[in-house]
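Engineer: What follows is a single structure, and I will ask about it in a moment.
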Amino acid sequence: RAGGLKVGEVPWRTQLSFYVNGRPVKVQDAEPHHTLLWFLRERLGLTGTKLGCGEGGCGACTVTVAMFQDGVVVHRAVNACLAPLCSVDGCHVTTVEGIGTSNKPHPVQRRVAELHGSQCGFCTPGIVMSLYTTLCRTSKPTLSEIESSFDGNLCRCTGYRPILDAAKTFVCDKEKCPSSGLDVPPQRPEQEKDVKICSTTADVLKNLADEKVQEASFPEALKTQLEPLKVTGTKVTWYRPTDLATLLMLKKAEPKAKMVAGNTEVGIETKFKQCEYGTMISTSAVAELQELSIRNGVMTIGGAVTLSTLEHFLETQETNVRYQAMLDMLRWFASAQIRNVAVLAGNIATASPISDMNPVLMALDASLILASAGQAPREVPMKEF
């Protein structure tokens with residue numbers, strides 16, 4: 001079907017439409033080379049989201065991006081410094097300004113402040129939003145989930161102990177928190193003027209009441225299927241097809257176009273290596289590339305399945321040496337913010353020196369299904385790709 005399609009025959013929508021902090025945003029003059037961070041700070045004046053490293057490593061730019069997928073709302077912590085502005089079309093973006101104020105802070109903000117989890121404060125908005133996103137996914141996370149949620153956030157002055165103490169006040173398994181290890185009844189915290197001094201995380205939690213977190217809202221207007229999107233800017237034209245036939249047609253019509261999913265590698269190329277791509281094709285909304293299933297012992301992973309989706313899927317499967325090998329590698333792969341948008345297909349295709357999954361996939365005798373417009377799909381062993 002892709003061979004008979006033409007670019008002009010697709011009903012492209014040409015303006016961006018999304019929500020920020022509960023308010024609708026429409027952008028008719030969007031530039032695809034702009035990042036979400038640039039738009040938040042420069043166009044909307046939401047400067048709580050910071051620019052740190054600019055390459056998705058420090059987490060100071062973390063925001064929550066929620067989308068309607070397969071009938072449910074999915075919340076993801078995302079690096080706004082790498083996320084293309086066009087990538088949030090149809091999504092609800094929440095920044096640190098959108099969850100609370102100084103007069104009425106969100107429970108996450110209040111706990112970080114109460115437990116001295118901020119000094120210079122530059123990284124704090126990103127840390128708050130990582131924890132907020134975790135609580136959007138589950139109101140009672142485990143200690144392990146809390147610690148994993150911060151693997152993409154750096155703090156260079158506060159130290160992680162007070163930050164983690166603040167986060168662990170929301171967990172469901174507080175009894176597993178570190179204690180003194182002594183078989184003695186819990187002591188009251190020492191008092192130094194008006195400051196309570198606790199020696200262990202367990203002591204901290206025993207002296208704080210449970211905090212209730214309200215479920216995050218999601219705009220009803222966004223609970224629809226995504227439409228094909230084409231945004232023409234001064235430097236880049238951005239396409240977002242919604243089916244495989246249109247994707248293959250576009251790639252045939254624009255052979256030099258850059259395929260992009262999470263922009264975690266391409267964003268580095270354009271920002272720091274001065275690479276220029278006049279046409280970019282997003283694979284994130286292609287329905288056929290979202291497949292993730294196991295049939296007759298064979299796992300099929302679609303080209304647009306994010307690494308975090310794959311990670312959570314593997315965690316639900318019965319213990320298996322092959323699946324465990326993949327899971328073990330994914331847990332060391334980049335950060336939660338990167339895994340939330342990056343895809344396995346991109347990790348394979350970029351052939352980057354840091355493509356950590358490739359050796360594992362070769363060891364597991366994985367194969368790739370490749371497709372082109374007007375040609376039958378073909379299967380290629382990973383070792384020969």
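The values are calculated or read from the model by the stated rules, or taken from the named source; none is laboratory data. Computed from a prediction, not measured in an experiment: that's the story for all the values here. For accessibility, only protein heavy atoms count, side chains too; no ligands or nucleic acids. Shrake-Rupley method; radii C 1.70, N 1.55, O 1.52, S 1.80 Å.
Engineer: If the cut-off is a Cα-Cα distance under 20 Å, which lysines reach K251, setting aside same-chain residues fewer than 8 apart in sequence?
Structural biologist: K6, K230, K235
Engineer: Report Rg (one decimal) and Dmax (nearest whole number) for the chain, counting Cα atoms only, units Å.
Structural biologist: Expressed in Å, the Cα Rg and Dmax of the chain come to 22.4, 77.
Engineer: If you don't mind, another one. Which semi-axis lengths, in whole Å and largest first, follow from the square roots of five times the eigenvalues of the Cα gyration tensor of region 290-385?
Structural biologist: 21, 16, 14
Engineer: Here's another thing I want to ask about it. Quick one: divide the alpha-carbon radius of gyration of region 220-285 by 2.2 N^0.38 Å and tell me what you get.
Structural biologist: Computed over Cα atoms of region 220-285, the ratio equals 1.19.
Engineer: Once ligands and nucleic acids are excluded and a 1.4 Å probe is used, how much of R76 is accessible, expressed in Å² to the nearest 10?
Structural biologist: Ignoring ligands and nucleic acids, R76 comes out at about 30 Å².
Engineer: Would you list which lysines come within 18 Å of K212, measuring only between C-alpha atoms, while excluding same-chain residues fewer than 8 positions from it?
Structural biologist: Candidates past the 8-residue exclusion: K104, K140, K168, K174.
Engineer: Could you order V73, V20 so the one with the most accessible surface comes first? Probe is 1.4 Å.
Structural biologist: V73, V20
Engineer: Using a 1.4 angstrom probe on the protein heavy atoms only, line up D243, D165, D365 by accessible area, largest first.
Structural biologist: Correct descending sequence by accessible area is D365, D243, D165.
Engineer: Give the accessible area for K50 in Å² (nearest 10); use a 1.4 Å probe, count only protein heavy atoms, and leave out ligands, DNA and RNA.
Structural biologist: 50
Engineer: In addition: When we measure straight from the Cα of K271, which aspartates and glutamates land under 14 angstrom away, once same-chain ones fewer than 8 places off are left out?
Structural biologist: Of all the aspartates and glutamates, those that pass the test against K271 - Cα under 14 Å, at least 8 places apart if same chain - are E55.
Engineer: Work out how much length A221 to E147 would gain on full extension: take 0.36 nm times their residue separation and subtract the Cα-Cα distance, in nm to one decimal.
Structural biologist: So the extension gain works out to 23.3 nm.
Engineer: For a quick check of understanding: with a 1.4 angstrom probe and all protein chains in place, what accessible area in square angstrom does F122 have, to the nearest ten?
Structural biologist: Solvent-accessible area, nearest 10 Å²: 90 Å².
Engineer: I would also like to ask the following. Out of the total accessible area of the chain (probe 1.4 Å, heavy atoms of protein only), what percent is carbon and sulfur?
Structural biologist: Here it works out to 51 percent.
Engineer: By how many degrees, 0 to 90 and rounded to 10, does the Cα axis of helix 321-330 deviate from the longest principal axis of the chain?
Structural biologist: 80
Engineer: From largest accessible area down, sort W12, W238; use a 1.4 Å probe on the protein chains.
Structural biologist: I get W12, W238, largest accessible area first.
Engineer: List, largest first, the extents of the alpha carbons of region 87-181 along their principal axes, each in whole Å.
Structural biologist: Taking max minus min along each principal axis of the Cα atoms, region 87-181 gives 50, 28, 26 Å.
Engineer: In Å², and per residue, what accessible area does region 241-300 have when probed at 1.4 Å with the other protein chains present?
Structural biologist: Here the per-residue accessible area is 52 Å².
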